[in-house]
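Nothing in this text is a laboratory measurement; each read-out follows from the coordinates by a stated rule. Computed from a predicted structure; not experimentally measured. Counting neighbours? That spans all protein chains shown, and the Cβs are built from the backbone with ideal geometry, glycine included.
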Ligand code: 5GP
Ligand code: MN
């Protein structure tokens, strides 16, 4: 049995919003990941089964390894079809904000969503949600937004309306946000939910292959290169750093998503508890920062203090405006500042 994690009064409100609405829009954060796409498609399939007209709008491109997901072809990109997307947003009767906690996380789309006068619902698992929605379902203790979507549908009493396609999408989001159930995944109810999704006929092993084993040759060669040439280990701080310039990305025919997960690799070294990946963005003039930790080290605090960012205890990120050398210096300053916490555990 599943605990009723979501406040039932909120479930009831959302159910009423859905019942009264014809047109529903789902929005997710910039550079959508498996959980953003999985949770939105999971909800999309459910709402379709209820006869709703649903559109998912993403701020920009999502990785190729998620394109196989049922419904992914219908996702609208805000950066490509702004006018059309703005029309959908302004005509929506409900806007569902999935996998993000602040309007600043959806880029340019934030202004349109903010201006829309319809009801808004947040379903998310990031800390400190901003109060811009009529209903805020925020559970940082839950490992993925996709899991929350599953719980929401079940608490509405609609488990039977989850289709095979919907189950595939929800499973994908749960799997990607936990690294294939290797972190943030000790809650036993996760496995109950997986069992329920399997009852819909999903092939979890095939989903794993479709998501994790479909990389380009360039990505593997780039991985070899960064691990051999670009990884610096700081054993005295239990930390490691990888950095990548624009030129290097060009050299390996980088396409979006190619460096996904690189930040986790140094954590496989014995004793390393904190890992950072700095990448010069190919579109914006900034360095994207990805941070990961194991155990109690709060990489989100470090992200906020040093890299204008935030996120979860063990997975966070931010942005740095300056040269790569300056970003690396900043990382080293952070190590010194956080030495006590890095050496604890
Ligand atoms: P990733 O390293 O996969 O890009 O991001 C991991 C997590 O860090 C995200 O789920 C998000 O919670 C957080 N995050 C990444 N980039 C930013 C950022 O620029 N600002 C904030 N506040 N959080 C971020
Ligand atoms: Mn997520």
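Key figures
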read-out	value
Directionally averaged shadow of region 85-140, computed from the convex hull of its alpha-carbon atoms, nm²	3.4
As computed over region 104-226, the Cα convex hull volume per residue (Å³)	162
The chain: calculated mean residue ellipticity at 222 nm from DSSP helix runs of at least 4, using -39500 (n - 2.57)	-12000 deg cm²/dmol
Two-site FRET efficiency, residue 228 against residue 22, from Cβ-Cβ distance with R₀ of 56 Å, rounded to 0.05	0.50
Paramagnetic label zone (point 7 Å from Cα along Cα-to-C-beta, residue 343; backbone N under 12 Å) in region 231-257	236-238
Neighbour-count ranking [beta-carbon atoms within 10 angstrom, fewest first] of 147, 229	229, 147
Antiparallel bridges, percent of DSSP beta bridges restricted to region 146-305 (to nearest 5)	65
Between 0 and 90°, nearest 10: helix 34-49 axis offset from the chain longest Cα axis	10
Area projected by the alpha carbon convex hull of region 188-345, averaged over all directions, nm²	10.8
Extension reserve of the residue 196-residue 236 stretch, reckoned as 0.36 nm per residue once the Cα distance is removed	9.9 nm
GNM result for the chain, Cα springs below 10 Å: residue of 100, 84, 132 fluctuating most strongly	84
Residue order, fewest to most beta carbons within 10 Å, for 336, 58	336, 58
Region 1-123: translational diffusion in µm²/s, Stokes-Einstein, Kirkwood Rh over Cα pairs, 20 °C, 1.002 mPa s	146
Projected-area average for region 55-112 over all orientations - Cα convex hull basis, square nanometres	4.2
0 to 90° range, to nearest 10: angle between helix 324-337 axis and the chain longest Cα axis	90
Whole-number percent relative contact order across the chain, with pairs defined as alpha carbons under 8 Å at least 6 apart	13
Neighbour-count ranking [beta-carbon atoms within 10 angstrom, fewest first] of 172, 145, 323, 117	117, 323, 172, 145
Chain lengthening between residue 321 and residue 160 when straightened (0.36 nm per residue, less Cα-Cα)	53.1 nm
Values of log10 I(q)/I(0), in the order q = 0.09, 0.10, 0.12 Å⁻¹, for the chain under a Debye, Cα-only, solvent-free model	-0.48, -0.60, -0.87
Linear extension gain, residue 304 paired with residue 73, 0.36 nm per residue minus alpha-carbon span	79.7 nm
Expected-Rg normalisation [2.2 N^0.38 Å, Cα atoms] applied to region 162-274	1.30
Region 236-345, relative contact order in percent, only Cα pairs under 8 angstrom and at least six apart counted	23
Tilt relative to the chain, helix 217-229 - C-alpha long axis, 0 to 90 degrees, to 10	40
Paired Rg and Dmax values of region 141-183, which use every Cα atom, in angstrom	10.6, 30
Most fluctuating residue given options 218, 110, 295, as computed from a GNM of the chain linking Cα atoms under 10 Å	295
For q = 0.13, 0.15, 0.21, 0.25 Å⁻¹, Debye-computed log10 I/I(0) when each Cα of region 54-150 counts as one equal scatterer	-0.46, -0.62, -1.20, -1.46
FRET efficiency for residue 213 and residue 313, using Cβ-Cβ distance with R0 set to 30 Å, rounded to 0.05	0.55
Size of region 1-64 as Cα extents on the principal axes (Å, biggest first)	36, 29, 17
Where labels lie 7 Å past Cα in the beta-carbon direction, separation of residue 104 and residue 61 in nm	2.7
